[in-house]
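Scroll down for the structure; my scribbles are underneath it.
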Amino acid sequence: MNAYIGQPISRVDGPAKVSGQAIYPAEFRLGNLAHAAIVGSTMPHGWITGIDAARASRMPGVIAVITHENAMRLPYRDIGKPPPVDPQSGEQLHVLQGPEVLFCGQPVALVVAETQEQARGAARAVTVNYAPGPAQTAMDADRGVQPDEGVVKSGRPGDTQRGDAEAAFRDAAVKIDARFSHEREYHNPMEPHATIAAWDGDRLTLYDKSQWVDNVRMEIAHVFGMEEDRIHVVSPFVGGAFGSALRTWPHVTLAAMAAKHVGRPVRLELTRRELFFAIGYRPRTEQRVRLGADKDGRLTAIIQEALGQTSVYEQYAEITLEPPRKLYSCPNVATHYRLVPMHTNSPCPMRAPGTSTGVMAHEIAMDELAEALGLDPLELRLRNYAERDEDKDLPWSSKELRACYRMAAERFGWPKRQARIGSMRRGESVAGWGMATAFYPANRAPGSAQAVLYANGSVIVRTAASDMGPGTYTAMTQLAADALGVPLENIDFELGDTDMPEAPVHGGSITLASVGNAVVAACEALRSKLAGLAGKGGVKDGVQGLIDVLAARGMQSIEAEGKAKPGDETKRFASAAFGAVFAEVLVDPLLGTVRVPRIVGAYDIGRVINPKIAHSQCIGGMVGGLGMALLEQGEWDARLGRVMNANLAEYLVPVNADIQELEALFVPNDDRTFNPLGSKGVAEIALTGVAPAIANAVYHAIGRRIRDLPITPEKLLLA
Ligand code: MOS
């Protein structure tokens, strides 16, 4: 029965959010709560020679000043578990454990006080002296290293080769060789990261902003050398994260240390500025793309190289070079990936990590190739359509990219494009039309869920998943309602708690395909339990039919668990979400300003569970892509070793005034080969393709090829 799947249901958690009843981790009210504030290093590298906390300690409300000299020793026990999110084994920064500092902003002291204001005020009064050390703050290509074996095993290889790409490039009739870069980007979720830590004897409860509560439990168990079952993590709502809450950052450890130190629950909320130093960011990446083609525009060689940033204490690598290996059909492909360790905090996944930036360079280069060949950019993509995943040498579980190109091109009016640069004048401005392919790998991970039916007909379904905003509460409620055949209103969906059945990371756009199948399995298990109880009379339709079975047995409730995991289809098929993005820009050639009147995307995301929420995710991704194209850049000062615009006044994100028409369309598909639900996942696919479509449109408008994002007015005027 499909009463709800496929319907544009409004968010079930919407009313709680807009009425302030949704409680975020920083808002839990615990008795006797103390507040903490971080003192951050002002050096990119060095050793603390002295900390003067005397003045801070005397300030009103101050309970403790914790430094490496008086902090508890943390065991950082190897718990022998498979790697969580990159880097390999949880937090590697041993916070407040010694005098060495490895980046600007690293916590060197923590002030605990009665109020947040007192803690933050006193933190400013702590004086720290350093002996500076040699700091690697420049992104020198000659210091680039191959990722370690463990990182490579997680699918981020340093070098790959199929065919002979160098020879094929040498012999190609038409060649492109271009260099690209994008600046650091910061997630800047509306809700700052925050943790409340409370100890009860040797048991620890963490209220924490997280996309993966089970991982917080695992990492903190590792850091504190505890058994996982002594740690309870609670994170019912997430006010945006975009990858920043996948890992467990040092402030979570600090909150737990502080709570132990003062014997009270402690709340540590990061300031907006601290969000640039205390969590991760999308690393700056420099790329070189070489494309070779024959005279008919068929690719004969692809060589793509990327240089990313990492910290000196961890290796963070991305799948930047997966798109060039998979996006188009080409017999000769080589990719080379290197990392530069720097004295900076570790980068982390952000909005289609790696993929969006690899697609960016590749899709701008494809636009350059189309121009060199005198071909329409869309026609070039069609001539090189990849019928298989040539990287894995597997068929796609499904691929409706041709339909995406067709649907989006038609809706956008692409056939009316005048190919000549600068030919679409609009008064003082010049319009440009550009396009790009969108791509994001589709993955699944094991997940589990529990469903409980009560005698009054209400149902609770729970799993330790997260909902950082994509609509997980809503989509899961729809799946449960349909699987049980009960009204939507009867379902209460709960998530974000380690007491609930285990769930995988809420990242990589895998939640629907992973946890969704577990939710359906739990509801089906519940139904079959009821059928067993009902005997040959069977279970009648609707909620009444279900509770009749309970009533006949005098039962108050019944529960069932469901699990789902990928099978061997991953060995036989490759899976990905696909899309086509078309953008119109209006460039003022005198001022160098770029407006974006419209973006149209068409996506193959498999089966669409909720078109309203899927559309909302896609236009959200487009906004992120517009930010990457035109606005977002952490301005790194290599002399000081820190980002200078650590605030929302100078780090620009798109606001309403930057956004005009955004439209997302979905091509029909139902990928039951990939998973029983048929959905591939939405989210990150929508960020990919947007920045190159805009960059290509800017070129079409005024003939300036900006390969270093963001495309700011000064770059356009000086190009
Ligand atoms: Mo996403 S960057 O996998 O949260």
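Note that region 215-322 carries a Kirkwood radius of 17.8 Å, evaluated over its alpha carbons pair by pair. For region 611-675, how big is the tail of P(r) above 14 Å, as a whole percent of Cα pairs? Tail of the P(r) past 14 Å holds 69 percent of the pairs.
Using Cα-only point scatterers and the Debye equation, what is log10 of I(q)/I(0) for region 563-656 at each q in 0.13 Å⁻¹, rounded to two decimals? Treating every Cα as an identical point scatterer, log10 I(q)/I(0) equals -0.73. Over all pairs of different C-alpha atoms in region 568-623, the reciprocal of the mean inverse distance, the Kirkwood hydrodynamic radius, equals 14.1 Å. In order along region 426-439, the Karplus-derived 3J(HN,Hα) couplings, from 6.51 cos²θ - 1.76 cosθ + 1.60 at θ = phi - 60°, round to 9, x, 6, 9, 10, 7, x, 10, x, 9, 7, 8, 10, 8 Hz, and Gly and Pro are given as x. Residues in region 350-362 carry Karplus couplings, in order, of 9, 5, 6, x, x, 4, 5, 7, x, 4, 4, 5, 5 Hz; the curve used is 6.51 cos²θ - 1.76 cosθ + 1.60 with θ = phi - 60°, and Gly or Pro positions show x.
Put simply, the amide H of residue 182, placed in the peptide plane, has neighbours under 5 Å in 285, 709, leaving out anything fewer than 5 places away on its chain. Take the Cα of residue 708, step 7 Å toward its Cβ, do the same at residue 312, and the gap between the two points is 2.6 nm. Measuring max minus min along each principal axis, the C-alpha atoms of region 470-552 give extents of 45, 22, 21 Å (largest first). Against the empirical 2.2 N^0.38 Å scaling, what ratio does the C-alpha Rg of region 297-356 come to? Taking N as the residue count of region 297-356, the ratio is 1.33. What the phi angles of region 258-268 give under the Karplus curve with 6.51, -1.76 and 1.60, with θ = phi - 60°, is a coupling list of 5, 4, 5, 4, 9, x, 9, x, 10, 10, 10 Hz, glycine and proline written as x. Kirkwood-type hydrodynamic radius, the chain: 26.8 Å, calculated from all non-identical alpha-carbon pairs. Two numbers describe the Cα atoms of region 59-218: Rg and Dmax, which are 22.7, 75 Å.
Size of region 553-597: Rg and Dmax of its alpha carbons, in Å, are 26.5, 79.
For region 27-69, the C-alpha radius of gyration divided by 2.2 N^0.38 Å, with N the number of residues, is 1.50. Working note: Debye formula, equal point scatterers on the alpha-carbon atoms of region 128-253, no solvent; log10 I(q)/I(0) at q = 0.09, 0.13, 0.22 Å⁻¹ is -0.51, -0.87, -1.23. Rg and Dmax of region 516-556, based on Cα coordinates, read 10.6, 31 Å.
Hydrodynamic analysis of region 371-485 uses the Kirkwood radius over alpha carbon pairs. Inserted into Stokes-Einstein at 25 °C and 0.890 mPa s, it gives a translational diffusion coefficient of 126 µm²/s.
Would you please name the GluC sites (Glu not before Pro) within region 284-320 that are DSSP coil residues with at most 11 other C-beta atoms within 10 Å of their C-beta? Write out the running numbers ahead of the final one.
Working: sites: 286, 305, 314, 318; in loops: 314, 318.
Within region 284-320, no GluC sites (Glu not before Pro) qualify (loop, at most 11 other Cβ atoms within 10 Å).
Remark: the residue 421-residue 544 segment gains 37.7 nm on full extension, using 0.36 nm per residue and subtracting the alpha carbon distance. The Rg/Rh ratio for region 454-602, using Cα coordinates for both the radius of gyration and the Kirkwood hydrodynamic radius, is 1.19. Once the Kirkwood radius over Cα pairs is known for region 169-220, the Stokes-Einstein relation at 20 °C and 1.002 mPa s delivers a diffusion coefficient of 133 µm²/s. Compactness ratio for region 248-391: Cα radius of gyration over 2.2 N^0.38 Å (N = residue count) comes to 1.45.
Read the figures in this text as sums done on the coordinates, not as results from a lab. These figures come from a predicted structure and were not determined experimentally. All Cβ positions, glycine included, derive from the backbone under ideal geometry; neighbour counts span all protein chains shown.
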